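Below: one structure, written as structure tokens.
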Amino acid sequence: MSQVLHSDLNLMILSSLGISFVIGIIAIACVLGFVKNRVLDIPNERSSHSVPTPRGGGVGIFLAVAITLGFFWQFTLNLAAVLIPAIVVTLVSAWDDVKSVSARVRFGVQILASAGFLGIVFYRFQSADIFHAAPFYNQILVYLFFILFLLWLSNLYNFMDGADGLVGTQVVTTMLPALILIWRLGYSHEAYMITPLVGAFAAFLFFNWSPAKIFMGDVGSVFTGFFIGAVAILLGAAYEPKIFWSIGTLCCGFIVDATFTLLVRFSRRDRIWEAHRSHAFQKLIRQGWSHREVALLYGAINLFWIAPVVLFFSDISLYIMVPLAGIPHLILCLKLRAGHELILAPVETPGEPVSRG
């Protein structure tokens with residue numbers, strides 16, 4: 001009987017991958033048709049593109065994820081705890097793509113959404129190991145840590161959304177190993193929360209691969225970061241802390257690049273809230289790497305270094321897993337002097353990548 005149920009669950013997960021991909025293709029195509037001459041990202045001297053490009057593809061990603069989850073899975077309190085605040089930050093980000101919203105409002109909404117999500121998770125799983133394990137012993141510190149984690153993950157995906165195909169490749173090559181990890185730990189039923197995201201971004205890559213036909217915009221990048229962070233916290237609280245740490249570590253390519261760059265710019269007393277072009281991936285493009293090559297490099301590091309490290313060391317030692325996984329991107333940041341506006345070997349390219357972080 002259990003084998004039959006397991007087989008049915010496998011079929012549902014595979015089906016949700018396919019359905020989310022199909023919905024993503026249809027939804028993003030519809031969004032592209034609607035925003036084509038309405039919501040455009042106009043190139044400037046700091047842009048990665050040379051022609052006006054529609055943005056708002058993240059609406060299609062969100063719809064593919066939400067519809068697939070609603071179609072395949074029961075609407076539980078756990079799912080509501082993730083989706084409702086995700087919808088809130090997504091709506092504000094969508095409005096920001098159309099009519100600029102002040103950073104204070106955007107950040108305030110993200111804080112409230114994160115606090116609301118964590119309040120529900122704390123209430124439901126207050127005795128969970130993840131909230132009582134070292135290095136945290138004070139619940140206020142734990143709460144603040146997870147709020148900062150959600151805020152940073154939500155915004156760093158926005159910061160790193162500066163090259164065609166990069167975020168899409170990052171999501172697919174990190175969330176597939178996350179699915180394998182959750183499956184291996186025996187929580188295959190919980191894989192449903194991540195599965196539609198993989199299918200939706202596979203669809204988005206069809207439109208966003210260089211040369212991009214559409215950008216995801218804030219609506220896609222902020223939703224993605226918040227959703228991944230919230231799912232990681234929820235599964236870590238409901239089941240095992242290693243799920244949280246493992247998903248977080250799988251995302252370390254973006255985390256290292258964005259965090260290293262921010263800290264360097266802060267130490268240089270740069271205006272860290274202003275657009276710049278000093279992330280490691282931006283330096284690579286300015287040295288002559290194509291957008292495709294950069295996306296493939298980040299994807300290859302995820303699949304052939306970070307994922308094996310996480311899948312092997314998650315059962316041995318988190319203290320080894322976390323720093324070991326980040327080594328390739330740390331080397332990139334150091335070698336390319338991420339955070340410094342000056343580059344090593346400037347070359348002429350059709351455009352230069354811009355980041356908000």
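A short reminder: the numbers here are calculations on the coordinates, not readings from a lab. These figures come from a predicted structure and were not determined experimentally. Here the Cβ positions follow ideal geometry from the backbone for every residue, glycine too, while neighbour counts run over all protein chains shown.
Can you show me the helix-derived [θ] at 222 nm for the chain, built from DSSP H runs with n ≥ 4 at -39,500 (n - 2.57) apiece and divided by the number of residues, rounded to the nearest 500. Mind showing how you got there, number by number?
On the way: 15 runs with 238 residues, N = 357.
After summing the helix terms and dividing by the residues of the chain, the value is -22000 deg cm²/dmol.
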* **Residues Leu262, Leu197 arranged by fewest to most Cβ contacts within 10 Å** => Leu262, Leu197
* Asked: Label 7 Å along Cα→Cβ of Val101; segment 187-203 residues with amide nitrogen under 14 Å?
  -> none
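Just need the Rg to Rh number for segment 94-238, please, alpha carbons only, Kirkwood Rh.
1.00
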* To do: Can you put Lys99, Lys283, Lys335, Lys36 in order of Cβ neighbours within 10 angstrom, beginning with the fewest?
  => Lys99, Lys335, Lys36, Lys283
* Asked: Fewest first, what order do Leu32, Leu179 take by the number of other Cβ atoms within 10 Å?
  -> Leu32, Leu179
* Asked: Between Ser16, Ser114, Ser188, which gets the highest mean-square fluctuation from a Gaussian network model of the chain, Cα cutoff 10 Å?
  -> Ser188
* Within the set Lys36/Lys335; Lys213/Lys283; Lys36/Lys242; Lys99/Lys242, which residue pairs have Cα atoms separated by over 32 Å? -> Lys36/Lys335; Lys36/Lys242; Lys99/Lys242
* If you wrap a convex hull around the Cα atoms of the chain, how much volume per residue is inside, in Å³? -> 130
* To do: With N denoting the number of residues in segment 106-161, provide Rg(C-alpha) divided by 2.2 N^0.38 Å, to two decimal places.
  => 1.22
* How far apart, in nm, are the 7 Å Cα→Cβ label points at Arg271 and Asp315? -> 5.3
* Asked: Within the chain, which complete DSSP H helices have Cα atoms spanning at least 18 Å along the helix axis and a mean Kyte-Doolittle hydropathy of -1.0 or higher?
  -> 2-35, 58-72, 77-98, 103-124, 139-159, 166-184, 195-208, 217-238, 252-267
